[in-house]
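> Below is a structure I'd like to ask you about.
The values are calculated or read from the model by the stated rules, or taken from the named source; none is laboratory data. The shown structure was predicted, so the numbers you read here are calculated from the model rather than taken from an experiment. Methodologically, a virtual Cβ is constructed for each residue, glycine included, from the backbone with ideal geometry; neighbour enumeration extends over all protein chains shown. The protein model used for the area step is the full one, side chains on, heavy atoms only, and it has no ligands, DNA or RNA in it. Shrake-Rupley method; radii C 1.70, N 1.55, O 1.52, S 1.80 Å.
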Amino acid sequence: MAKEIRSFKNLLGKLDGISDAQLEAHFGLYEGYVKKLNEIDEKLTKTDRGLTNYSFGEYAELKRRYAVPYNGAFLHEMYFDNLTPTAAPSSEFEKLATATFGSVDAWKADVKATGLAVPGWVITCLDTTTGRLNNVQIMEHHIGFTVNSIPLLVMDTWEHAFFLDYKANRGAYIDTFFKNINWNTVNDRTTQALKLTSK
């Protein structure tokens, strides 16, 4: 079943420091990942699985690259969903941030440092093995994600997320991102993640 492209036009005119032009360009990139995911899904149903091996094979190559458009599509959706400045961190999130990093401000500093280290993604996750937060750095949409991790906050730090507004100043964009977090969404994700990990 083909994945549908979601509309995020509701973000236009709502963000502080992220222009509509920047968002529109970003929406187009996201749509490309959904289309490519659907294309690979379709090809996988038609490709001969018996003609593949580790060295090369069409099925093998489709499988190897599958995570790129898959994560590219869903990470963008999570990113757009956690934009629009609303509310504040819940007591649950604050407790996790403080237990892991010492304070919410220290968590933010770690998110920024993680984002400055490489283009890609920064995802604040709940580690289900420790019950602590972890700021995971992902390259090329799929390299570096840790197992046993539930995403709570997703930040896109590829240049396409900010270049129209901030040129190469990734740090200024990250500061702006913090001003635009939809804490209602992040708090809901936190509550759900804690329910999944409660014993």
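> So the check is Cβ under 6 Å with 6+ separation or different chains; which pairs have a first residue in the stretch 160-181 that's modelled with pLDDT under 95 and a second one that's open to solvent by less than 30 Å² (accessible area, probe 1.4 Å)?
If the second residue must be open to solvent by less than 30 Å² (accessible area, probe 1.4 Å), no pairs are left.
> Turning to a different aspect of this structure: Take G144 and tell me if it is in contact with a strand residue (DSSP E or B) (Cβ under 8 Å, 6 or more places away or on another chain), without any contact (Cβ under 8 Å) to a residue 60 or more places away in the chain, more than 21 Å from E24 (Cβ to Cβ) and among the small types (G, A, S).
Yes, satisfied.
> Something else now. So R189 ticks every box in (1) among the charged types (D, E, K, R); (2) closer than 17 Å to G115 by Cβ; (3) surrounded by 14 or more Cβ atoms within 10 Å (Cβ to Cβ) but one. Which box is left unticked?
Only one criterion is unmet by R189, namely (2).
> If L15 passes every condition in (1) out of contact with any helix residue (DSSP H, G or I) (no Cβ under 8 Å at 6 or more places or on another chain); (2) among the hydrophobic types (A, V, I, L, M, F, W, C); (3) not in a helix (DSSP H, G or I) but one, which one does it miss?
Every listed condition holds for L15 apart from (1).
> Suppose we filter the stretch 7-48 for residues that are hydrophobic (A, V, I, L, M, F, W, C), without any contact (Cβ under 8 Å) to a residue 24 or more places away in the chain, more than 21 Å from K179 (Cα to Cα) and buried (at least 16 other Cβ atoms within 10 Å of the Cβ); how many remain?
0
> So is A88 more than 17 Å from E140 (Cβ to Cβ), among the aliphatic types (A, V, I, L, M) and not in a helix (DSSP H, G or I) or not?
Judged against the criteria, A88 is a match.
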